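Undergrad: First, the structure itself, so that you have it in front of you.
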Amino acid sequence: AKQKGKNNFQLYTEEIKNKFVRKRKLAEDLKYAIENHQFFICYQPIINTMKNKVCSVEALLRWKHPFEGMISPGEFIPISEDNGTIVPIGEWVLRSACFQVKQWQQRGFYDLVLKVNLSVRQFEQENFVEMIANVLKDTSYNPQLLELEITESILMQNTEQTIEILNKLKKLGVKISLDDFGKGFSSLSYLTDFSFDVLKIDRSFIQKVLIDEKSAAIVNTVINLAHQLNLRVVAEGVETEEQFKFLVNNQCEEVQGFFFSHPLPVEDFERLYCT
Ligand code: C2E
Ligand code: CA
Ligand code: CA
Ligand code: CA
């Protein structure tokens, strides 16, 4: 930072002000981003380590702002959760992704599984389960081929009501995955409160697996624990062949990360996987 005339305190407050102004602007712009066609979805392939082939894709939302350019979900998802726009945006993602993946299934990738991220704010909606059921119906999407990814933050408040909703979702036939496991406060009790189908180990552990014996022990133990609870395990953030081999040796069912593929725009996924 330059010291020209301004003291550090002024620079600091200016930076806070700029951040605040940007945030307020993005919050406003998020309200019109769907109708202005500024969103698109990238699909990151996930590999089944037994079959050695792509078995699923995770839908990851992208926002191309007309003036600011690409804005990362790490920045705009929290803003959209704050002002509630995540509710219509989340539904748009689910609907668009079911529609897209259904087409890929029909074109021959018949057992391709779709994974979609859900926010707490969506869960809080009165008609949440109905919304999911409607999207499945409207897109005639097979619920067995949909995995909803939630984080433990959903289970931290209002547990009883949340579990009731999760059970209703399972009755629809969809699978429930616990995302970012190990990243937050991960209490093992979440695993006994509800029977998840899939556990996704956070990438912070995967990235240290060959550097740090403790991380390796944790990943190995989490995989074994998950298997004893009848959960499938996904490792995210796999960036190297060594990490991949470690996970295969430790019986991890699915792997996801830049070592295999970045999240891909529709055209790229089709070119590479739907021949
Ligand atoms: P996430 O659910 O944990 O998604 C995985 C993130 O890890 C993605 O970041 C993906 O691009 C990134 N990733 C995948 N492989 C690797 C790797 O090998 N190395 C590294 N360093 N990163 C990898 P992305 O797309 O920026 O999304 C960030 C977060 O934004 C997601 O984390 C998710 O929490 C949220 N998000 C994205 N799309 C949606 C959405 O449609 N709805 C909701 N509620 N949240 C979303
Ligand atoms: Ca996820
Ligand atoms: Ca994750
Ligand atoms: Ca996440």
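Undergrad: Looking at the stretch 175-195, I want the residues that are farther than 19 Å from Ile206 by Cα and have a partner that is aromatic (Phe, Trp, Tyr) with Cβ atoms under 7 Å, at least 6 apart or on another chain. Which pairs are those?
TA: Within 7 Å, the pairs are Ile176/Phe196.
Undergrad: Evaluate the following for Gln207: is it in contact with a helix residue (DSSP H, G or I) (Cβ under 7 Å, 6 or more places away or on another chain) and either touching a residue at least 60 places away in the same chain (Cβ under 8 Å) or under 24 Å from Met50 (Cβ atoms) (or both)?
TA: Working: in contact with a helix residue (DSSP H, G or I) (Cβ under 7 Å, 6 or more places away or on another chain): no; either touching a residue at least 60 places away in the same chain (Cβ under 8 Å) or under 24 Å from Met50 (Cβ atoms) (or both): yes.
Criteria not met by Gln207.
Undergrad: Within the stretch 1-74, considering only strands (runs of 3 or more DSSP E) that don't extend past its boundaries, which have at least 3 residues that are surrounded by fewer than 18 Cβ atoms within 10 Å (Cβ to Cβ) and modelled with pLDDT of 95 or more?
TA: Values: elements: 39-48, 53-65, 69-71.
By residue number, 39-48, 53-65.
Undergrad: Among the candidates Leu155, Leu148, which residue alone is closer than 24 Å to Tyr43 by Cβ and within 16 Å of ligand 2 (Cβ to nearest atom)? Reasoning before the result, please.
TA: Numbers: Leu155 fails: closer than 24 Å to Tyr43 by Cβ.
Within the list Leu155, Leu148, the selection yields Leu148.
Undergrad: While we're looking at this one, here's another question. Any residue in the stretch 122-140 that is more than 16 Å from ligand 1 (Cβ to nearest atom), without any contact (Cβ under 8 Å) to a residue 40 or more places away in the chain and under 18 Å from the mean Cα position of the chain (by Cα)?
TA: no
Per-residue answers, yes or no, for (1) within 12 Å of ligand 1 (Cβ to nearest atom); (2) closer than 25 Å to Leu148 by Cβ; (3) more than 19 Å from the chain's Cα centre (by Cα); (4) at pLDDT 95 or above:
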site: Tyr190; (1), (2), (3), (4): no, yes, no, no
site: Val198; (1), (2), (3), (4): no, yes, no, yes
site: Val209; (1), (2), (3), (4): no, no, yes, no
site: Ser215; (1), (2), (3), (4): no, no, yes, no
site: Thr240; (1), (2), (3), (4): yes, no, yes, yes
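Undergrad: Among the residues of the stretch 112-135, which ones are touching a helix residue (DSSP H, G or I) at 6+ places or on another chain (Cβ under 7 Å), part of a loop (DSSP other than H, G, I, E, B) and over 14 Å from Glu58 (Cβ atoms)?
TA: Within the stretch 112-135, Ser119, Gln125 qualify.
Undergrad: From the list Thr151, Thr162, Thr85, exactly one residue is away from ligand 4 (no atom under 16 Å from the Cβ), under 23 Å from Trp63 (Cβ atoms), hydroxyl-bearing (Ser, Thr, Tyr) and buried (at least 18 other Cβ atoms within 10 Å of the Cβ). Which is it?
TA: Numbers: Thr151 fails: away from ligand 4 (no atom under 16 Å from the Cβ); Thr162 fails: under 23 Å from Trp63 (Cβ atoms).
Answer to the check: Thr85.
Undergrad: Counting only residues that are within 16 Å of ligand 3 (Cβ to nearest atom) and in contact with a Gly (Cβ under 8 Å, 6 or more places away or on another chain), how many does the stretch 118-144 have? Full working, then the answer.
TA: At the first step, the residues of the stretch 118-144 found to be within 16 Å of ligand 3 (Cβ to nearest atom) are 118-120.
This time we only want the ones that are in contact with a Gly (Cβ under 8 Å, 6 or more places away or on another chain), so: 118-119.
Total satisfying the criteria: 2.
The values are calculated or read from the model by the stated rules, or taken from the named source; none is laboratory data. Here the structure is a predicted model, which is why all the values come from computation and not from measurement. Cβ atoms come from the backbone with ideal geometry, glycine included; neighbour counts cover every protein chain shown.
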